[in-house]
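Peer 1: Take this structure first; my questions come after.
Just so you know, all these numbers are worked out from the coordinates, no wet-lab data involved. What you see is a predicted model; the values in this text were computed from it and never measured. All Cβ positions, glycine included, derive from the backbone under ideal geometry; neighbour counts span all protein chains shown.
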Amino acid sequence: MHAIKKFFAITFVLIVILVSFFTLWVSYNYVVPVVMYHHVEPTEQQKANTTTPENFENQMAFLHEKGYQVITLDALIQAIKENRPLGKRTVVLTFDDGYENNYTYAWPILKKYQFPATIFIPSDFVDMDGHLSLKQIKEMMAGGISFGSHSRTHVYLPDASVDLQRYEIIESKHVLEKKLGVEIKHFAYPVGGFSDEIKEIVKKAGYESALATNRGFDRENKDVFEINRVRFSDKDNRADILLMKLSGYYNLFRKAKNPY
C-alpha cells in the first residue's frame, strides 16, 4: 500500500511539473495574430485572396462575440519593442493592395464593430481604377483606418536591383506622406518577399515596422521588420478554423518558408 501511495505521489508531482512547464511554454510562445486580407467582395468561386462581404461580416462578428480586442498595428509594434505582453485574445487587422472593395464592403463592417485596421497600398495605385481613391482614403483615415506603404508599384523586391528596391521603398513613403499628410510608419513587402538587405533599406527609410506574409523564420514576431501574418479568406468559414488561426500559436506550427 505504501508503494502505491508513493507511486501516485510521484506521478502527481510529475504531472504538476509538466503542466507548469507547458503553461510557461504557452505563455512565452504566444504571438498576437496579425490577420491579412486582400479583396473583400462578392464572388461565386472560392479564392485564396478574396473574402465575401458575408464571410467578412461573420469573421468580424466572431471577433466581437468571442471578446477579442482588436488593436492598431501601432499598438502592437510598440508592445513588441517594449517586450510587453498583450492579452491572449488580441488581434490586428491588415489589408494589402488597397483595393476599392475595401472601402465599399469591408469598411462599413469595420465601422459597425469599431475595429481599427491598417491598409497597405502601393503609392502609385492611389486613384487607379479598382483601387482606393485619395478621397476614399482620407474618409477612411478620418474614421480610424490607418495606411502603410506597399512599395510604389508592387514589384517583388528580392528580384529587383538595389536601386529599384530603394526607389520602391523610400519614394513610396515620401509620396504617400505628401498625399495623405501623415507619417507613414509601416511597410508591407509585396508578396511578402524580403532579405536582410531589403530590411536594412526599410529601416533606414524611417519605417517603424515591416510586414511579410508567412515568410521568414521569426515565428515569434520578435523582429518588427519581418512580422508574420495569418491569411484570412472565404476558406476560413468555420469556428474551429477561426479559433485555430486566432489562437496565437498558429505561427509556431506552420512550415517555415524562405523569406525570398
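Peer 1: Could you tell me how many degrees, from 0 to 90 and to the nearest 10, lie between the Cα long axis of helix 53-65 and the main elongation axis, the longest principal axis, of the Cα atoms of the chain?
Peer 2: That works out to roughly 40 degrees.
Peer 1: Using a Förster distance of 25 Å, how high is the FRET efficiency between Val182 and Gln45, based on the Cβ-Cβ distance and rounded to 0.05?
Peer 2: For R0 = 25 Å, the calculated efficiency reads 0.10.
Peer 1: Which distance in Å, rounded to a whole number, links the C-alpha centroids of region 199-256 and region 124-182?
Peer 2: About 21 Å separates the Cα centre of region 199-256 from the one of region 124-182.
Peer 1: Now a separate question. Using only alpha-carbon positions, what ratio does the radius of gyration of region 32-253 give when scaled by 2.2 N^0.38 Å?
Peer 2: Expressed relative to 2.2 N^0.38 Å, the Cα Rg reads 0.95.
Peer 1: Let me ask something additional. Once the Cβ-Cβ distance between Gln114 and Glu171 is put in as r, and R0 is 45 Å, what FRET efficiency do you end up with, to the nearest 0.05?
Peer 2: Calculated value: 0.85.
Peer 1: Once you have the Cα-Cα distance between Lys203 and Glu220, take 0.36 nm times their residue separation minus that, and quote the gain in nm to one decimal.
Peer 2: 4.1 nm
Peer 1: Something else now. Using the Cβ atoms and a cut-off under 12 Å, what net charge is assigned to the surroundings of Tyr167, where Lys and Arg are +1 and Asp and Glu are -1?
Peer 2: -1
Peer 1: Run the simple label-point estimate for Asp129 and Asp196 please: 7 Å along Cα→C-beta, distance reported in nm.
Peer 2: 4.5
Peer 1: Is it possible to state the helix-based mean residue ellipticity at 222 nm for the chain, with each DSSP H run of 4+ residues giving -39500 (n - 2.57), the sum divided by total residues, to the nearest 500 deg cm²/dmol? What is it?
Peer 2: Here the helix-only value at 222 nm equals -11500 deg cm²/dmol.
Peer 1: Just the number: Rg to Rh for region 94-139, Cα atoms, Kirkwood Rh, two decimals.
Peer 2: Looking at region 94-139, the ratio lands at 0.95.
Peer 1: Which residues does the label zone of Asp159 cover in region 107-140, counting backbone N under 13 Å from a point 7 Å along Cα→Cβ?
Peer 2: Taking a point 7 Å out along Cα→Cβ of Asp159, no residue of region 107-140 has its backbone N under 13 Å.
Peer 1: Would you mind checking the pairs Lys88/Lys178; Lys88/Lys222; Lys81/Lys112; Lys178/Lys257; Lys135/Lys204; Lys88/Lys111 and listing those with alpha carbons more than 28 angstrom apart?
Peer 2: Pairs exceeding the cut-off: Lys88/Lys178; Lys81/Lys112; Lys178/Lys257; Lys135/Lys204.
Peer 1: What nm value, rounded to one decimal, do you get for the distance between Met141 and Lys88 when each label is placed 7 Å out toward the C-beta?
Peer 2: Distance between the two pseudo-spin positions: 3.9 nm.
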